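See structure below.
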Amino acid sequence: MARGGKKPDARDGKRYKSTKTGTDPNEFSGDTQPQRSIAIDLQQKCLDIFRDALEPDPEETAILQEVKGHLYDRNFAAAFGKDEYLQVYASRWSPSRALAYLQVFQDIEAMLTAGPIKEGDDLSIVGLGGGAGGELVALAGWFRMLQAEGDGEGAKALDVTLVDIADWSKVTNSLRRGITTPPELSKYASQAKKEANHALLNDTDMSVVFLQQNLLHVKEYEMDRLSERLRSARLITLMFTLNELYFISVASTTKLLHRITNCIRPGSCLLVVDSPGSYSTVSLNGRETRYPMRHLLEYTLLDISKTETATPEWEKVFSNDSRWFRLAENLGYPIKLEDMRYQIHVYRRLGTSAG
Ligand SMILES: C[S@@+](CC[C@H](N)C(=O)[O-])C[C@H]1O[C@@H](n2cnc3c(N)ncnc32)[C@H](O)[C@@H]1O
């Protein structure tokens, strides 16, 4: 957060602070930590950013059907292959994902901010397969909450790197602009409304880098940049992406996980969110076996290191195989949004930091 200036809360008189509640519809009994719900005005602000940046069209059904068809066929290259598809995808599916992810970041906040945030450090986060904007808006909302709660005090700014095979740059640019620009008001808006009209974050609060890369075949010249980003990350996310990567190639996805293991700093975390009950098929000695996504993931992160080296490389700090994010009723968006069920796993890199 930009230090030395006025408290961000004072900008609009709103404290985007979560409230403790015992009746949160998102509370899940399998969790060890009770969830704290996110302030409705912050959730609405996130939705408004999508609405203004991507202008969702409730009448647009033809393109939507094409995208849905490609997703159903698991033809991801086609589903994410055209600008108009990306715009429709991000305006329809990313808003509810963003709210769910905002809740997730809030839930695992203690794990992410457990290590010292050095004065003046940026809070660096890498979203793998994160081009569609859900992670970006959620992180901006979460950073706003950290600022309001004073927890982001140590961090100068939020530094987001989004890596994706599809060219989401138009979507991420529009959303970034929406996050750091106050919404347009009618010239007849009241003085009070004008005074309360602020961007979610200041321009200097957040940097966003979008890297268009195939994570399963990182080219030689792309390698350094990606590794450098992974090295500085406090958190690396794989949101609704890992199973897609496993579907394409289990071997290449495993290689990617090894790269993350080799690059990420001790103390930093890997967050995996995906559809519950995701399976992938592995071919071994000519025989095909279906494994749950989490088994493949943990075989690489946890089990192998147990047998091959004396010191484990990762520890699991949070896991839930099925959790709901339910939208609050009083939120507004031009398209109907949907509740989300997901599995979530958080792992922390073990070891001692070199510096
Ligand atoms: C189901 S979408 C999820 C998008 C976003 N993370 C979210 O949660 O809303 C999967 C994303 O992974 C990306 N992706 C798929 N294969 C990839 C690869 N080999 N390298 C990089 N990104 C990939 C897709 O382009 C897409 O943006």
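Points worth noting:
- Distance between modelled label sites at TYR299 and ASP339, nm, 7 Å Cα→Cβ extension: 3.4 nm
- The GluC sites (Glu not before Pro) of region 246-355 that DSSP puts in a loop, and whose beta carbon has at most 15 other beta carbons within 10 Å, are GLU329, GLU338.
- VAL160 accessible area, 1.4 Å probe, all protein chains in place, Å² to nearest 10: 0 Å²
- Sites GLU149 and LEU350, calculated FRET efficiency, Cβ-Cβ separation with R0 30 Å, nearest 0.05: 0.60
- Fully extending the segment from THR311 to TYR279, taken as 0.36 nm per residue of separation minus the present Cα-Cα distance, adds 8.6 nm.
- In percent, rounded to a whole number, the relative contact order of region 260-352 is 42, using alpha-carbon pairs under 8 Å and six or more apart.
- Euclidean distance of C-alpha centroids, region 196-222 and region 268-340, integer Å: 24 Å
- Heavy-atom accessible area with a 1.4 Å probe sorts THR237, THR289, largest first, into THR289, THR237.
- Net length gained if the chain between SER319 and SER249 were fully extended (0.36 nm per residue, minus Cα distance): 22.8 nm
The values are calculated or read from the model by the stated rules, or taken from the named source; none is laboratory data. On a predicted model such as this, the values are computed, not experimentally measured, just so you know. As a convention, Cβ positions derive from the backbone with ideal geometry for all residues, glycine included, and neighbour counts pool all protein chains shown. To get the accessible areas, we keep the full protein, side chains included, count just its heavy atoms, and leave off ligands, DNA and RNA. Shrake-Rupley method; radii C 1.70, N 1.55, O 1.52, S 1.80 Å.
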